[in-house]
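Please treat every number below as a calculation from the coordinates, not as lab data. Keep in mind the model is a prediction, meaning the values are calculated, not measured. For neighbour counting, all protein chains shown are included, and Cβ atoms are generated from backbone atoms with ideal geometry for every residue, glycine included.
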Amino acid sequence: MDCIFCRIAAGEIPATVVARNEHGMAFRDVNPQAPTHVLVIPIRHFGSATAVPDAERAAVLGELLRLAVQAADQLGVADAGYRMVVNTGKQGGQTVDHLHVHLLGGRPMHWPPG
């Protein structure tokens, strides 16, 4: 298995897991860009948001966002606010070819982001 996120989901690579269910998992980013920076991934491999089949897209993306909101609550950033980001493709800033949501919090988020 070449995908680092698939290996993390399988337990082959250690991660600080914040939340997990049968559909996905949330774990702390090893290179945090905010005091709270968690990655939320589906257990099943999808290269990006666009790679999720149309018939499954709403369910897969909905589960990821639900898990991200749960993680934000567990980590204590829900009340103050947080940002969820999904980078898709090279021009979108995606660096790992496995669908994932960045959950960022613990400081003010500025706009525009980049």
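Structural remarks
- Using C-alpha pairs under 8 Å with a sequence gap of at least 6, the mean separation divided by the residue count of the chain gives a relative contact order of 30 percent.
- Compactness relative to 2.2 N^0.38 Å, alpha carbon Rg of the chain: 1.01
- The order of the peptides 54-64, 16-26 by mean Cβ neighbours within 10 Å, most packed first, is 16-26, 54-64.
- Angle in degrees between helix 54-74 and the longest Cα principal axis of the chain, rounded to the nearest 10: 40
- Positive contributions from Lys and Arg (+1) and negative ones from Asp and Glu (-1), summed over other residues with Cβ under 11 Å from the Cβ of residue 82, come out at 0.
- Distant-in-sequence amide contacts of residue 99, defined by a placed amide H-H separation under 5 Å and a gap of 5 or more residues or a different chain, comprise 46, 47, 48.
- For segment 90-103, putting each phi into the Karplus relation 6.51 cos²θ - 1.76 cosθ + 1.60 with θ = phi - 60° gives couplings of 4, 5, x, x, 6, 10, 10, 7, 8, 3, 7, 10, 8, 10 Hz, in residue order, rounded to whole numbers and with x for Gly and Pro.
- Tensor-based shape of segment 12-72 (alpha-carbon gyration tensor, a/c under 1.5 rounded, otherwise prolate or oblate): prolate
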